[in-house]
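A.B. asks: First the structure, then my questions, so here it is.
The values are calculated or read from the model by the stated rules, or taken from the named source; none is laboratory data. This structure is a prediction, so every number in the text was calculated from the model and none was measured. Positions of Cβ are backbone-derived with ideal geometry, glycine not excepted, and every protein chain shown enters the neighbour counts. The protein model used for the area step is the full one, side chains on, heavy atoms only, and it has no ligands, DNA or RNA in it. Shrake-Rupley method; radii C 1.70, N 1.55, O 1.52, S 1.80 Å.
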Amino acid sequence: MPDRSPSGALPPHATTPLGDGAHGTREEEPWEPLPAVVSRHAAARGDARALSYVSYGQDAEGAWETLTFAEVDLRVRAIASALESRFPLGSRVAVMCPPGVSYGLAFLSCLYAGMIAVPLFPPEDPRRRAQLEAVLADADPVCLLASGPQGPDCRSLTGGRVPVWLVEESDPRLARDWSGRRAGPGESAYLQYTSGSTGTPSGAVITHANLMASTGQVTEGCGLSAGTPIVSWLPMFHDMGLSIGVLAPMAVGAHVALMSPLAFIQRPVRWLRLLDAHRAHFSGGPNFAYDLCVRKVPDPASLGLDLTCVRVLTNGAEPVRVGTLRRFTDAFARCGLAPDTIKPSYGLAEATVLVACNRVGRRWTELDLDADALTTGRIRVVHESGTAQRVTTVVGCGRPVAQDVRVADPETGVEQAPGFAGELWLRGPNVAAGYWRQPHRSAEVFGCVLKAGDRIHDGWFRTGDLGFLHDGDVFVLGRIKDIIIAHGTNHAAGDIEDTVRQELGEAVPGAVAAFAVPGDDHEGDRLVVMVELVAGPGSADGISLRRRVQTAVAARHGVRPHDVVAVKRGSLPRTTSGKLRRADCRDRYLAEHAARSVSAAGTTE
């Protein structure tokens, strides 16, 4: 039988109950995997609408394609039956459909068939082809599930060695041959490949128990039920998009309306109109999406939108900006959007998706912190103006949902005392079993020991994120690998980038990268800032780019950038979910600097 976990056997923390405040899988609770839940919805409420896709290619107002729960169950059983008849139990199957109902059908069919789904994206963008090829080589799928005209491109990815099946060509009559198999909680359900913002993407092994625990957490945290319509434009291969677009609605029996990410980017108002038309309770997106709506929809009141139905708009998948929350809330208040609707949240692929969120009816928390104290890891809240030379405002991502979150010293594993920042560590039933076929790295990251006083607790997952807890809320300061140490103090790359964005209206939105490079022995690391300019690199001198960035960063953060570099639009390397790859930016800068040095030396000689 194929491997069911990264090392061929599930680590103990994936299936055993968790003590010390964490929430494990309890033996007395009846086990029901997601396919059984969807089949139950189909039997009890077969005519209820389940999965819709709204396309804008031919109809400016949007053309709807809708499947009921009975239709979803029928089509999924047909595809699952075909998979069962051809491939061994536990084989990996890559889902490479475009956005739409076909993606949900393909993913669910893998779960029905006892296969391990690998949610990916179609090979439409040549810039992502290398990443797709690397993931496929790692996952080693037996089949690629595709839809529409993408079949030839999918076949070319593997040189025709892996069969490509088109979802829409499945014969519904095969549904009667489905085995009806029920997965066990410890079996692998899918591989969620991480975005790779700090390194090579890795496949987090999500078990069926992880999946069901996570959907329960999303249901609790976001107040979902069968009567709460959902809307999503997020990429479905991403953990957040998969949860909002497939897992959560199928688990609770809600009707989800999907649209493509491109349709949103082209016209953000389409998302807002769909929230209104669908009377949606729940949706979400990364921070940039809310800024895009404010920028591209300058007069919301003129649209006649009614957003009183929306109760939860999660803001996650990238750093949450306080200014973004305020601008979006103020802009769409005139459309009936409640002031507590937008919900800063925290999650990651290794936690299946959700870690913490602000609950329904609760507005986000802002804290003004002493910026100088923060550079040394101390959390000192500034209650009155003038009590600190420099102040930075951070936003809370809400409280943990049915899991345990602690703050640990990343070097020693000792739990930090209140009032200090450290690495966020997790333990709960939603935490993945490990990384696919990476047993040593899995043990290092998923099997950590937390030292709390005179007690030692094992089975913790270290997130790599710097943060702290305050009054029960989780605050995320950034990736530890992105912390810049200059002149003996710590600076979060995201905070410096935010300062540059505020100073430079000429910068492409969200296209600023800050990172450290080695300096001379006596000075330590140097801060470098890369900026994409709307008018191109040639405009840098005309807008006094270097002086303005150095002055703004020095004034707010107490560190002066060693170099400020203008680059052409779209050139900063990013992950598939849009996050900056700062390590790649650093490598590019060092390579170009070395090349210039060699060229200069050659000229001198």
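A.B. asks: Whole-Å semi-axes of segment 243-341's equivalent ellipsoid, largest first, each the root of 5 times a Cα gyration tensor eigenvalue?
C.D. replies: Working: eigenvalues 82, 48, 37 Å².
Whole-Å semi-axes of the equivalent ellipsoid: 20, 16, 14.
A.B. asks: Right, here's the next one. Taking 0.36 nm per residue of sequence separation and subtracting the Cα-Cα distance, how much length would be gained by fully extending the chain between residue 384 and residue 485, in nm to one decimal?
C.D. replies: Details: separation 101, 0.36 × 101 = 36.36 nm, distance 2.83 nm.
Contour length minus Cα-Cα distance gives 33.5 nm.
A.B. asks: Distance between Cα centroids, segment 419-438 to segment 372-393: provide it in whole Å.
C.D. replies: Using only Cα atoms, the two centres lie 29 Å from each other.
A.B. asks: For the chain, give the percent of accessible area contributed by carbon and sulfur heavy atoms, probe 1.4 Å, rounded to a whole number.
C.D. replies: Numbers: 12450 of 24500 Å².
It is 51 percent, rounded to a whole number.
A.B. asks: Using the scaling law 2.2 N^0.38 Å as the reference, what is the normalised Cα Rg of segment 62-213? Write down the numbers at each step before the final one.
C.D. replies: Working: Rg = 15.1 Å, N = 152, 2.2 N^0.38 = 14.8 Å.
Here the Cα radius of gyration is 1.02 times the empirical estimate.
A.B. asks: Further question on the same structure: Which listed residue (396, 379, 417) has the Cα farthest towards the positive end of the charge dipole for segment 278-429, taking +1 on Lys and Arg C-beta and -1 on Asp and Glu C-beta about the Cα centre?
C.D. replies: Farthest towards the positive pole: 396.
A.B. asks: If I histogram all Cα-Cα distances within segment 385-464 using bins 10 Å wide from 0, what percent of pairs lands in each bin?
C.D. replies: 16, 41, 27, 11, 4, 0
A.B. asks: Just the number please: accessible area per residue for the chain, 1.4 Å probe, all protein chains included, in Å².
C.D. replies: Details: 24500 Å² over 605 residues.
It amounts to 41 Å² per residue over the chain.
A.B. asks: Ok, one more. Working only with C-alpha atoms, what are the Rg and Dmax values of the chain, expressed in angstrom?
C.D. replies: Considering the chain through its Cα atoms, Rg and Dmax are 24.3, 83 Å.
A.B. asks: Could you order the peptides 39-46, 87-94 from most to least packed, using the average number of other C-beta atoms within 10 Å per residue?
C.D. replies: 87-94, 39-46
A.B. asks: Per DSSP H run of n ≥ 4, the term is -39500 (n - 2.57); total these for the chain, divide by its residue number, and report the mean residue ellipticity at 222 nm rounded to 500 deg cm²/dmol. Could you put the intermediate results ahead of the total?
C.D. replies: On the way: 17 runs with 179 residues, N = 605.
It lands at -9000 deg cm²/dmol.
A.B. asks: If you don't mind, there's one more thing I want to ask. Taking the Cα centroid of segment 450-512 and of segment 167-236, what is the distance between the two, rounded to the nearest whole Å?
C.D. replies: When both Cα centres are located, 29 Å separates them.
A.B. asks: Please report, ordered by residue number, every helix of the chain (full DSSP H runs) that is 20 Å or longer along its axis going by C-alpha atoms and whose mean Kyte-Doolittle hydropathy reaches -1.0. The partial results should precede the final answer.
C.D. replies: On the way: long enough: 69-86 (26 Å, 0.27); 208-222 (21 Å, -0.05); 582-604 (33 Å, -0.66).
Once both thresholds are applied, what remains is 69-86, 208-222, 582-604.
A.B. asks: As a test of the definition: which semi-axes, in Å, follow for segment 467-557 when you take the square root of five times each eigenvalue of its alpha carbon gyration tensor? Largest first, please. If you can, show how the numbers build up before the last one.
C.D. replies: Numbers: eigenvalues 127, 68, 23 Å².
Each semi-axis is the square root of five times an eigenvalue, giving 25, 18, 11 Å.
A.B. asks: On each of the three principal axes of the Cα atoms of segment 152-252, give max minus min coordinate, whole Å, ordered largest first.
C.D. replies: 45, 45, 30
A.B. asks: Sorted by packing (mean other beta-carbon atoms within 10 Å per residue), highest first, where do 118-128, 421-431 land? Write out the running numbers ahead of the final one.
C.D. replies: On the way: 118-128: 18.0, 421-431: 25.0.
Answer by packing, highest mean first, reads 421-431, 118-128.
A.B. asks: Going through the cross-link list 296/343; 343/451; 296/579; 296/481, which pairs have a Cα-Cα distance over 24 Å in this structure? Walk me through the intermediate numbers first.
C.D. replies: Working: 296/343 21 Å; 343/451 32 Å; 296/579 21 Å; 296/481 34 Å.
The answer is 343/451; 296/481.
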